[in-house]
Each structure stands twice: as C-alpha cells, then as structure tokens.
1. Out of 119, 45, report the one residue that is surrounded by 19 or more Cβ atoms within 10 Å (Cβ to Cβ), touching a helix residue (DSSP H, G or I) at 6+ places or on another chain (Cβ under 6 Å), small (Gly, Ala, Ser) and at pLDDT below 95.
2. Restricting to the range 141-190, name every residue that is buried (at least 18 other Cβ atoms within 10 Å of the Cβ), aliphatic (A, V, I, L, M) and free of Cβ contacts under 8 Å to residues at least 40 places away in the same chain.
3. Being within 24 Å of residue 54 (Cα to Cα), at pLDDT 95 or above and surrounded by fewer than 18 Cβ atoms within 10 Å (Cβ to Cβ): is that true of residue 79 here?
4. Which members of the range 142-161 meet the condition of being in contact with a strand residue (DSSP E or B) (Cβ under 8 Å, 6 or more places away or on another chain) and either part of a loop (DSSP other than H, G, I, E, B) or within 18 Å of residue 189 (Cβ to Cβ) (or both)?
5. Considering only the range 76-99, I want to know if a residue exists there that is closer than 25 Å to residue 188 by Cβ, among the aromatic types (Phe, Trp, Tyr) and out of contact with any Phe, Trp or Tyr (no Cβ under 6 Å at 6 or more places or on another chain).
6. List the helices (runs of 4 or more DSSP H) inside the range 1-90, counting only whole elements, that have at least 2 residues being of a type in the set (Ser, Thr, Tyr).
7. I'd like to check something: does the range 102-109 contain any residue that is assigned to a helix (DSSP H, G or I) and at pLDDT 95 or above?
8. Can residue 74 be described as out of contact with any helix residue (DSSP H, G or I) (no Cβ under 8 Å at 6 or more places or on another chain) and either hydroxyl-bearing (Ser, Thr, Tyr) or modelled with pLDDT of 95 or more (or both)?
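The values are calculated or read from the model by the stated rules, or taken from the named source; none is laboratory data. Keep in mind the model is a prediction, meaning the values are calculated, not measured. Every residue, glycine among them, receives a Cβ derived from its backbone with ideal geometry; neighbour counts consider all protein chains shown.
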Amino acid sequence: MNRDEGITIECGNEIYAPAEDSLLLLDSVEAAPGERILEIGCGSGIIALHCAKSGAEVVAVDIDSDAVECARLNALRNNIVLEIFQSDLLSEVEGDFDMILFNPPYLPSDEISDPKWSGGRSGIETTMEFLMQAREHLKDDGRILIVCSSLSDMDSLMKYSASLGYECDKISSKRFFFEEIFVLWIIITP
C-alpha cells in the first residue's frame, strides 16, 4: 500500500511508534475497497487508518488501553472511520475477516519486560497464540500478514503454522546489521 502523506500520526511515549517493522507491514498490505480487515496490536493506528482510507471496513484492537485511545484520536484527527477497541489478541473480536494484520512482539526474551517487543523465550510465543486464535476469524479465502524476525525461532513457527493448516510465504523483508525483519503472507491450506 502506498503511504498516504496526508495521514498524520501522533503518539505518546508509552505507545509503540511506527518504526521500520510497522512501515514494512504497511508497504506489504494491499487493501481493497469493501474488504473486512482486522489489525491486532494497532498501536498508533497507522496501518488501520491507511486501510480504512482505502475503502476497507477496518476493526483495530490493542491490548493496551492507551494505544486504543491513541488510535482513536488519530482516527478523529484524520477524519477516518474505523472500529477501535481493547482486546487481548482476538479475545474480544467477533466475526470473520478477509485480512488479519499483526505486528507482534517478536524478539526473544527470557522475561517479558516490555510486551511491546518481547515475544517470549523463543520470540514466537505471542505469534503462536495469535495463529491459533486467528483461524476461526479468517474467511476461507482470507489471508494473514504478520511481521517476524530472524532472531526468533522461525523453524518452529513454520512447523507450528503448518500443523494448524496454514501455508506461509515471505513477501517482503528488510535487513539490518543484527537481524532481518520480514512479512509473512499466511493462508489456510486448501
């Protein structure tokens, strides 16, 4: 999706500000008018706002009430309509979607000191829980786009995804001196 310079984003110090991973996901999204899209962990709302402005019907959720308020204010500031509410992954979400987006906490950590970036011991625990929940909210021909890191246990994540009946493809990436971040395109295996 092309970045819309007309969309302005503001966020406080406690909200995950759009960074390289968020922008990589945004650049990888192709939202069509009328599609029903869910963004998990919306943070500032930058991706959800772009999808809604393109004509999609968007639901955006975050576990952090401050992030929900930030995304709501950014939607008002940009005069963009979307549904925003608090949810721990998909616990409060109803319905099914054409596309589900998630930039999860993906860095490995022995302790969860900051849930904005700590994805568990192998960096994939949050992602695995999300994938288990997402299947019941994804339309049969729907897709998931999710951000991952080369620092995480990607072999285990791929095996786990396959065990849930998903097929995964890497569609974009960005390399840094210490890691590669990439976006996976995930569908239900036919």
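1. Numbers: 45 fails: at pLDDT below 95.
Of the residues listed, the single one that is surrounded by 19 or more Cβ atoms within 10 Å (Cβ to Cβ), touching a helix residue (DSSP H, G or I) at 6+ places or on another chain (Cβ under 6 Å), small (Gly, Ala, Ser) and at pLDDT below 95 is 119.
2. 154, 157
3. Working: within 24 Å of residue 54 (Cα to Cα): yes; at pLDDT 95 or above: yes; surrounded by fewer than 18 Cβ atoms within 10 Å (Cβ to Cβ): yes.
When the stated conditions are applied, residue 79 passes them.
4. At the first step, the residues of the range 142-161 found to be in contact with a strand residue (DSSP E or B) (Cβ under 8 Å, 6 or more places away or on another chain) are 142-152, 154, 157-158, 161.
Within the range 142-161, 142, 143, 144, 145, 146, 150, 151, 152, 157, 158, 161 qualify.
5. yes
6. Values: elements: 20-28, 46-53, 65-77.
Passing ranges, in order: 20-28.
7. If we filter the range 102-109 for residues that are assigned to a helix (DSSP H, G or I), which is where we start, we get none.
For the range 102-109, residues assigned to a helix (DSSP H, G or I) and at pLDDT 95 or above: absent.
8. Details: out of contact with any helix residue (DSSP H, G or I) (no Cβ under 8 Å at 6 or more places or on another chain): no; either hydroxyl-bearing (Ser, Thr, Tyr) or modelled with pLDDT of 95 or more (or both): yes.
No, not satisfied.
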